[in-house]
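What follows is a short report on a single structure.
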Amino acid sequence: MSSTGTGIQPPPRVIEAARSPLMASAFAGRTKVLPILELALLIAASIAPLVLRDYITVYATRVLILCLFALSFDLVWGYAGILSLGQSLFFGMAGYGVALLSRDFGVGSIFAVLPAGTLIGFVAALLLAGFLLLGRHPSSVVFVSLGTMTGAYAADRLARGSHYLGGQNGIPSIQPMTIGSHELSEGPGFYYLVLAILVLIYLLSRFLLRSQFGLALAGLRENEQRIAFLGYKVQHLKAIIFAISGAIAGTAGSLYAFHEGFVWTNMLGVVMSTQVVLYVLFGGSGTLIGAVIGTAIVEGLSFWLSDNYRDIWPIILGVLLLLVILFRPLGLISLVLGERERVGHFGPSLKEKRNAAP
Amino acid sequence: MDTLLIAMFEILSFGAIVVLVVLGLGIIASMMGIFNFAQGEFVLLGAYVTYLVHSVGLPVPLGMLAAPVAVGALGFVLEKLVVRRFYLAPIVAMLGTYALGLIIREAVRGLTGGLYVSVPEPISGSITIGSLHFATWRGVIVIITLLVIAASHALLAYTSFGLRVRASLENPQLARASGISTGMIYSLTFAFGAALAGLAGALIVPVFSLFADLGIRFLIQGFVAVMVGGVGSFAGPVAGASVIGTFSAWLPWLMSPVIADVLVFVLAIIFIKFRPQGLVSGRGVNR
């Protein structure tokens, strides 16, 4: 069982094609859907609180936080081919971490809790990656997915059994997050804060993935051995992206804890890990916007359907997921985005390269 | 001394349950290279069929006979419709079977109303040896497990069907060229693995009672056991399941159950990290 040929990903030659100057110029001439899509979503997200009712804005804030969480999973699975079935571990640990900060030390300042949550996610992911990914034997995808899943399951069990962490009930009534002396409660204010963080992290990830580092990642997703032969330290690359994704999940987790006002064991366990896999596969792994769209669609449908069809909604979700995996392995995003644009280009922008060439 | 004997019986019977659950998972993983994430839900479904038969007033043993047949048939259909599209992409197979499992789990949750439902033991009471009492049903599970292992091994090692399965595993092209319908073999193997899970679910439902998340716990346990034992052989998963089952039942006698539960998994993951090939390396079915 090797990590190559997962079937969801495009074949390697597509990437090479996108890099060759001839194809690149043809590519540059076409209308690009991706930036338009991104801009349209950003505008829609910016004006949403102005037209939506308050309780829907609160729900939309939660969706945005989950989008951030989905981005973190997309980074590891969609770009580096690491199937992390325990992504909720970092989300939940950060959530519990900031909840404890708030409960035991009365710390609620955004400038303390967000970095703390991010750091918790980063360190936890780095440690787990150090164990699962580094070492003499290269780890198989199945081993990594099993290891991460076990991590999430173990954390869930321990949190349930721990009196200090509130057991089954979790930690209720966390104080609101503060900026200076201003208390941030649910509503448009919180919404715009989350949106700003999401956009920032989205752009940073986009920049990171379009750099040489991103190219090496995409290469190792396609053919790990080949990248290793080119002299890259494959395991280190994987560990780095895993830790970064853990940090993003940590940011999302701490935002989630303060937004909901409480943390409970589902945040740590298999339930949340499953959710994030659903989001990303639905929208389309390997594109950042796919993760965002997937989250929005799944959560939107769930909001709309769960009132009337609460019992059968999870079944519908499972069926939809199965259909997407079977017939649209690239996710819903592949309906509007061409293969070439989905893969994109890497390194310095194409324009400079064309000018430099004689 | 008495406590020790009781403890050993407990450990043995729990180990047998784990082996029973893992056997089907191991056969599908070893023979077909597919990590079936819906296996836990096949166990759940077996338990549910037993409950269903019981709830319409028929005897429980009848339900236990019906469960492997029903789940095996479902496995056959699912393989034909869904799983066979995944053979070239084992990772996608994990996600696809995961979706299948989600559907089954949520369907059962809807059907049981999210409650814990219990099914009585078909053979209740206990056997008394000297001053010791052993639950009869747990003893029956141990015996059935041993029979099932022996029968599965015999099926794969000594029958012409087993020969075809092993041939399809070893070299699919050559098997096809020799006139073996590998597609049918894969369907039957998957159905067989599913039926074993169904049987496991049927036998353990009196012990654990039926609830929708019954499968998840066994899924992780099963995967860990298969990896510890080693993928690719018949003996591997059985050995792995025995080890995991023994530890899972033994450690709670020494420490708090929560810590024990987690510790087993963590130790297993560390073991796999340093010995990826598992306890039993090698492929195929030893005769």
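Couple of notes before you dig in:
- Options A:GLY97, A:GLY108; residue that is more than 30 Å from A:ARG221 (Cα to Cα), surrounded by fewer than 24 Cβ atoms within 10 Å (Cβ to Cβ) and at pLDDT 90 or above: A:GLY97
- Residue count for the range B:96-117, restricted to those that are under 19 Å from B:GLY63 (Cα atoms) and surrounded by fewer than 13 Cβ atoms within 10 Å (Cβ to Cβ): 1
- Of the residues making up the range A:112-132, just one is within 10 Å of chain B (Cβ to nearest Cβ) and buried (at least 18 other Cβ atoms within 10 Å of the Cβ), namely A:LEU132.
- Test result for B:ALA268, small (Gly, Ala, Ser), part of a helix (DSSP H, G or I) and more than 13 Å from chain A (Cβ to nearest Cβ): no
- Residue check for B:SER160: more than 14 Å from chain A (Cβ to nearest Cβ), closer than 21 Å to B:GLY72 by Cα, in contact with a helix residue (DSSP H, G or I) (Cβ under 7 Å, 6 or more places away or on another chain) and of a type outside the set (A, V, I, L, M, F, W, C): no
- Within the range B:248-262, restricting attention to residues that are within 22 Å of the chain's Cα centre (by Cα) and facing chain A (nearest Cβ under 9 Å), the residue that is surrounded by the fewest Cβ atoms within 10 Å (Cβ to Cβ) is B:VAL262.
- Residue among B:LEU65, B:LEU44, B:LEU52, B:LEU58 that alone is over 19 Å from the mean Cα position of the chain (by Cα) and in a helix (DSSP H, G or I): B:LEU52
- Of the candidates B:GLY230, B:GLY245, B:GLY193, the single residue that is in contact with a helix residue (DSSP H, G or I) (Cβ under 6 Å, 6 or more places away or on another chain) and within 14 Å of another protein chain (Cβ to nearest Cβ) is B:GLY230.
- Candidates A:GLY187, A:GLY250, A:GLY214, A:GLY231: the one that is small (Gly, Ala, Ser), touching a helix residue (DSSP H, G or I) at 6+ places or on another chain (Cβ under 8 Å) and surrounded by fewer than 17 Cβ atoms within 10 Å (Cβ to Cβ) is A:GLY187.
- Elements of type helices (runs of 4 or more DSSP H) contained in the range A:27-126, each with 3 or more residues being over 26 Å from A:ILE171 (Cα atoms), among the aliphatic types (A, V, I, L, M) and over 23 Å from the mean Cα position of the chain (by Cα): A:34-51
- Index of the failed condition, A:VAL292 passing every other in (1) among the β-branched types (Val, Ile, Thr); (2) at pLDDT 85 or above; (3) surrounded by fewer than 18 Cβ atoms within 10 Å (Cβ to Cβ): (3)
- For B:ILE216: the one exception among (1) within 14 Å of chain A (Cβ to nearest Cβ); (2) farther than 30 Å from B:LEU111 by Cβ; (3) surrounded by fewer than 24 Cβ atoms within 10 Å (Cβ to Cβ): (2)
To keep it simple, each residue is scored yes or no on (1) surrounded by fewer than 24 Cβ atoms within 10 Å (Cβ to Cβ); (2) over 11 Å from B:GLY193 (Cα atoms); (3) modelled with pLDDT of 90 or more.
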| site | (1), (2), (3) |
| --- | --- |
| B:PHE9 | yes, yes, no |
| B:VAL18 | no, yes, no |
| B:GLY24 | no, no, no |
| B:ILE28 | no, no, no |
| B:GLU41 | no, yes, yes |
| B:HIS54 | yes, yes, no |
| B:GLY57 | yes, yes, no |
| B:VAL60 | yes, yes, no |
| B:GLY63 | no, yes, no |
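- Scanning the range B:79-93 for residues that are surrounded by fewer than 22 Cβ atoms within 10 Å (Cβ to Cβ), in contact (Cβ under 8 Å) with a residue 60 or more places away in the chain and assigned to a helix (DSSP H, G or I) yields B:LYS80, B:ARG84.
- Filtering B:VAL231, B:VAL266 for residues that are within 23 Å of B:PRO90 (Cα to Cα), in contact with a Ser or Thr (Cβ under 9 Å, 6 or more places away or on another chain) and hydrophobic (A, V, I, L, M, F, W, C) leaves a single hit, B:VAL231.
- Residue in the range A:145-162 that is within 11 Å of chain B (Cβ to nearest Cβ), surrounded by fewer than 17 Cβ atoms within 10 Å (Cβ to Cβ) and part of a loop (DSSP other than H, G, I, E, B) present: yes
- Residues of the range B:73-103 that turn out to be under 28 Å from B:ILE141 (Cβ atoms), among the β-branched types (Val, Ile, Thr) and within 8 Å of chain A (Cβ to nearest Cβ), as a count: 0
- Single residue of the range B:33-56 satisfying the filter (in contact with a strand residue (DSSP E or B) (Cβ under 9 Å, 6 or more places away or on another chain) and polar (S, T, N, Q)) that is nearest to the other protein chains (Cβ to nearest Cβ): B:SER55
The values are calculated or read from the model by the stated rules, or taken from the named source; none is laboratory data. Since we're looking at a predicted model, the values are computed, not measured. Methodologically, a virtual Cβ is constructed for each residue, glycine included, from the backbone with ideal geometry; neighbour enumeration extends over all protein chains shown.
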